[in-house]
Amino acid sequence: MAHIQLHDVRKSYGAVDVIKGIDLEIQKGEFMVFVGPSGCGKSTLLRLISGLSSITSGDMLFDGERVNNRVPSDRGIAMVFQSYALYPHMNVYDNMAFGMKLAKAGKEETRARVEKAAEMLQIGHLLDRLPKQLSGGQRQRVAIGRAIVRDPRVFLFDEPLSNLDAALRVATRLEIAKLHHDMNNVTMVYVTHDQVEAMTLADRICVLRDGKVEQVGTPAELYERPNSTFVAGFIGSPTMNFLEGRFADSYRCNTLGVRPEHLDLSETDPVWTGEVVHAEDLGSDSFLFVDVGAKQPLVVRQGGHQVIPYGQRVGVRPREGHLYRFDAQGLPCN
Amino acid sequence: MTHPTTAVPVAAPKNGRETSLEQQRLRAAFWFLAPMLLMLFCVAAWPLMRSIWFSFTDTSLTDLHGGKWVGFDNYLSYRQLSSGRVIWRGTLVDPAWWNAVWNTVKFAVVSVSLETMFGLVVALVLNARFAGRGLVRAAILIPWAIPTIVSAKMWGWMLNDQFGIINDILLNLGLISEKIAWAANLDTAMAAVILVDVWKTTPFMALLCLAGLQMVPGDIYEAARIDGIHPVKVFFRVTLPLIRPALMVAVIFRMLDALRMFDLVYVLTPNSAATKTMSIISRENLIEFDKFAYGSAQSSLLFAIIAIFVALYIWLGKVDLGGEKSK
Amino acid sequence: MNPMTYFKKTAFYALVLVILVFSVFPFYYAILTSFKTGTALFEVSYFPSSFDFSNYVAVLGKGTFPRNLLNSVFIASTTVALALFLAVTAAYALARVDFRGRGLLLVSILAVSMFPQIAVLAGLFELVRFIGIYNTPWAMILSYTIFTLPFTVWVLTTFMRDLPTEIEEAAIVDGATPWVIITRVFLPLLWPALVTTGLLAFIGAWNEFLFALTFTSSETTRTVPVAIALLSGASSHETPWGALMAASVIVTVPLIVLVLIFQRKIVAGLTAGGVKG
């Protein structure tokens, strides 16, 4: 419901600048994901939006209203924490109702809202339990339920899946996507270091690096038109191959990037040739590591099982129109 | 700083100036701390300042507000007689005071050393796995739980010259040939006081040492055993250095407690010159002998001695009192 | 088992036995004595020979001892309640709010707990006289905060520091003020720490002697330690050892029971605060 604007937002702790001037707009109902390596400032930025820390300078607006110094509870936000942060001594119902109780909401209304949220998340049968009696996945649902009950303008997620095991992570990811669909006009801001989460959940992704915005765009845009080697290397799995030196020279750039899925084996018309040094067979795909003489072996993605013995020489050819050329600063060449 | 050039539509905040979360928390912190600090000021800082002030006056117990400034007279002053002889007066030349200082230091050093040693031994025992460990751990808490006054009386009874059980045991074992008045005898009074203090506070030391020992990872001992290092060597080269920080903190707390020793001596060996501590002699002058200002001077000296001791200890021992560095 | 390890085992258990006997015997002997009267008192015995409750009857029945007990209970409880009340909020500020000079403040509070009580005695005496609470329980309640308050603040601060940050942040998002965070989120999580700290402070106040001796002047206002210290018989040379030991047992048994019940928590509290013994 909220349209969030950040204008030259900065945050420093003493002499240390953590957020170094960020301009960003998050549209109403948008699912925005902050992604980046650890220490890039993504969690700090989320905390600035939540109001748990206040910005050092700049402006932050929710629906055009300046909220620079507003306390979290007055911003209409709800937050889901990495560690769930449930109140250990309260049962599920009280955990979800605590905010409403503090806001002196009516008993009937509180009960109705808690029950509705519990039903949405299928935790209605757990309302009397204490957090310690719940599994990790159930706790995370309660945490999300607590956020839903607040009926927020903005939903904030701080790496909510990183404490779950792999299988549960996928299931919960699905559920968060569904939640966004069901509450389609609630703005969601989601922090993660996992680019798969970012790609699958986001309407738009904001890649952060060292306290600054590196690129903002839809997952497809970031995948297809990364505007730096950093973004190109961060988005996509396995990561993009980067070639330098003579490999790049022939394409008139400093660094040549090509994704594993855009490389084909070619016996007749190879661009590069080299030895297979390693192979990973995932069943659906297999990845060949081909040493063509660059710093790192080229990773080539092949569909299905591909049995190629180590040491065999193969030719590799990139697909047309899927080469990324970067200059010495890591920016795209025109 | 560059602001965006596009005009930003800003809705007026609801109530003029808003205070951020940080400001709200700072304000709350101030009000949370204020009553506690006020209380501490009333019972600690202010009385301390008054005590020091009294020590520079001739205030008496019966007239607390009528004291006049006399400078350092309570500490040290001199008067030249007509014969040319100089007479020094004041606490700093009072043999009774220096006797108390010496008693206190002797008591503190000996008792804390013994407690540390025994505490370590008990902790090492409790750190081993054996049947009945829980029972022993509970048992050593008993002396710690008993009020000092009660332990003084209990031991006073056991050390009684005529009917005491200690004399009975020692006589039966043939270690002494006649009954000894442990608490009253000038030669044994200090030993008696130290005995009771060691009995009462070794558990405290043992518990702190034990907590330190339990933080030493077990695989260190495992590794040492595999390498065939002698256990005694392991203790001095591995265990002791590892628990040193915990031990240093425990020792300073005990030391401070020992330096201000009052109750045990007051009850166990009343009026014995051999055990009179600084706290005892200060209180005597303050309350009993109507030398209020003189007693204040002595208590202020005790405060200074302890302050200097703490500063030296922290400085020389690099003690991490707040546990901040380990965080 | 070879002879060497057998010897070692025996030596170890001998040491355990020595520790056990040395710890427990004096109190055992006090109990033994408290059941003896008349001439039996002056015959050394190692095992109970008689169970004569007349010492207990004498101590609890006549004289001021019941009144002294009441004084001690009242003073220690009030002191603890006051200290905990002031300390909980202060500990929150010291543990959870970042402000300049926090470290210095913590160290100063710790420094107060190291004060030799005698150094403030003169000043406190004047204060107690000035506000007119000399020879009343309030003199002790006021003066005991000098050691209970820094101790409780210090220990609760260390406990409060260990509570997870995200729970507090969740409460802030839910709209909780610092006061609500303390009372409705942290206190329910902290009650074990509160019990421990309170108990240790209670023991400290219960056992205190110097202030109680100085700020009381009549038998009815004395606390238990002072009463026991000054208990005397018909003549000054005749100490009523039986009654004395009965009184000692009465004041000690509740403490020992409490300490044994809360054993583990007390050890945790002691190590958290590095406290006085």
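Exactly one residue out of B:Thr188, B:Thr201 is buried (at least 23 other Cβ atoms within 10 Å of the Cβ) and either of a type outside the set (Gly, Ala, Ser) or over 25 Å from C:Ser45 (Cβ atoms) (or both), and it is B:Thr201. Considering region B:183-207, the residues that are in a helix (DSSP H, G or I) and of a type in the set (Val, Ile, Thr) include one that is nearest to the chain's Cα centre (by Cα), namely B:Thr201. The strands (runs of 3 or more DSSP E) falling completely within region A:43-162 that include 1 or more residues that are touching a residue at least 12 places away in the same chain (Cβ under 8 Å) and in contact with a helix residue (DSSP H, G or I) (Cβ under 6 Å, 6 or more places away or on another chain) map to A:77-80, A:154-158. The condition of being more than 25 Å from the chain's Cα centre (by Cα), crowded, with 22+ Cβ neighbours inside 10 Å and in a helix (DSSP H, G or I) holds for only one of C:Ile172, C:Ile167, that being C:Ile172. The criterion of being part of a loop (DSSP other than H, G, I, E, B), modelled with pLDDT under 85, more than 14 Å from chain C (Cβ to nearest Cβ) and surrounded by 14 or more Cβ atoms within 10 Å (Cβ to Cβ) holds for B:Pro13.
At least 3 residues being closer than 29 Å to C:Phe25 by Cα is the threshold, and among the helices (runs of 4 or more DSSP H) wholly inside region C:37-137 those reaching it are C:54-61, C:65-96. One residue is enough: does region B:231-248 have a residue meeting the conditions of a type in the set (Lys, Arg), part of a helix (DSSP H, G or I) and crowded, with 17+ Cβ neighbours inside 10 Å? The answer is no, given that none of the residues of region B:231-248 is of a type in the set (Lys, Arg), part of a helix (DSSP H, G or I) and crowded, with 17+ Cβ neighbours inside 10 Å. Could you identify the single residue in C:Ala111, C:Ala87, C:Ala122, C:Ala93 that is under 23 Å from the mean Cα position of the chain (by Cα), of a type in the set (A, V, I, L, M) and surrounded by 23 or more Cβ atoms within 10 Å (Cβ to Cβ)? Among C:Ala111, C:Ala87, C:Ala122, C:Ala93, only C:Ala87 is under 23 Å from the mean Cα position of the chain (by Cα), of a type in the set (A, V, I, L, M) and surrounded by 23 or more Cβ atoms within 10 Å (Cβ to Cβ). The set of residues in region C:187-230 that are in a loop (DSSP other than H, G, I, E, B), in contact (Cβ under 8 Å) with a residue 40 or more places away in the chain and crowded, with 19+ Cβ neighbours inside 10 Å comprises C:Glu208, C:Phe215, C:Thr216, C:Arg222, C:Thr223. Residues considered: A:Ser57, A:Ser43, A:Ser38. Of these, the only one that is within 14 Å of chain C (Cβ to nearest Cβ) and at pLDDT below 95 is A:Ser43. Whether a residue is within 30 Å of B:Gly134 (Cβ to Cβ) and modelled with pLDDT of 90 or more was assessed, and C:Trp206 passes this test. Just give me the residues in region A:229-246 being polar (S, T, N, Q) and surrounded by fewer than 18 Cβ atoms within 10 Å (Cβ to Cβ), in sequence order. Scanning region A:229-246 gives A:Ser237, A:Thr239.
B:Asp263 satisfies every condition listed in (1) of a type in the set (Asp, Glu); (2) more than 11 Å from chain C (Cβ to nearest Cβ); (3) in contact with a Phe, Trp or Tyr (Cβ under 7 Å, 6 or more places away or on another chain) except (2). Residues of region B:68-86 that are under 23 Å from B:Trp97 (Cα atoms) and either facing chain C (nearest Cβ under 8 Å) or part of a loop (DSSP other than H, G, I, E, B) (or both): B:Val70, B:Tyr75, B:Leu76.
Within region C:110-133, which residues are hydrophobic (A, V, I, L, M, F, W, C) and more than 7 Å from chain B (Cβ to nearest Cβ)? Passing the criteria: C:Ala111, C:Phe125, C:Val128, C:Phe130, C:Ile131, C:Ile133.
How about region A:60-105: which of its residues are small (Gly, Ala, Ser), surrounded by fewer than 22 Cβ atoms within 10 Å (Cβ to Cβ), within 10 Å of chain C (Cβ to nearest Cβ) and closer than 18 Å to A:Val186 by Cβ? Listed by number, the list holds a single entry, A:Ser73.
Could you tell me whether B:Thr57 is exposed (fewer than 11 other Cβ atoms within 10 Å of the Cβ), more than 30 Å from C:Ala87 (Cα to Cα) and in contact (Cβ under 8 Å) with a residue 40 or more places away in the chain? Answer is no for this residue.
The values are calculated or read from the model by the stated rules, or taken from the named source; none is laboratory data. Given the structure is predicted, the values throughout are model-derived calculations rather than measurements. Neighbour counts run over all protein chains shown; Cβ positions are idealised from the backbone, glycine included.
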